[in-house]
Amino acid sequence: MSSLKDLVVELGKQFGYEGETLRKFVQEEQARERDQRVKERDIEREKTKMQIAFEREKLVLEREKIVFKEKQIELEKQASREKIDLEQQASRERIELEKQAEKERIGWERDAERERIEQVRKLELRKLEGEKQLKLEAIELENINMEKEQ
């Protein structure tokens, strides 16, 4: 296999170049090849840089996605804790209201029982007063009857 220089020399001869003209043709072709390789390396470097930048950006986005997911999980945990706290608070308040309502019910029942007892006492007192009045009237009638008989 021939080298690139041999191929260029052969090509130059086919174009009809000889001597100094052939040498200049070979140098120009070698320079063009060098320039082409430099351009290709530059393009490859740029491509590599872009790929690295793309991969870095991809990593940044992945990190941000993870951070976002962690924040979302934390917010869900916090919301869950707050929900539990609110439910517990509501439960405590409901229990407290039930206790208060029970105390009030007991107080009303006690007041109602006192009122009933008072009413029963008043009725019994009226009954006793009525019986006393009847006895007094009976005694008075008996006294009147005895006076009439005398």
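With Glu137, Glu142, Glu124 as the choices, which residue is at pLDDT 90 or above, surrounded by 10 or more Cβ atoms within 10 Å (Cβ to Cβ), assigned to a helix (DSSP H, G or I) and not aromatic (Phe, Trp, Tyr)?
Criteria check complete, one pass: Glu124.
Find the residue count for the stretch 1-48, including only residues that are loosely packed, with under 12 Cβ neighbours inside 10 Å, among the acidic types (Asp, Glu) and in a helix (DSSP H, G or I).
Within the stretch 1-48, residues that are loosely packed, with under 12 Cβ neighbours inside 10 Å, among the acidic types (Asp, Glu) and in a helix (DSSP H, G or I) number 8.
The values are calculated or read from the model by the stated rules, or taken from the named source; none is laboratory data. Since this is a predicted model, take the numbers as computed values, not measurements. Don't worry about glycine lacking a Cβ; one is built from the backbone with ideal geometry, like all the others, and counts go over all protein chains shown.
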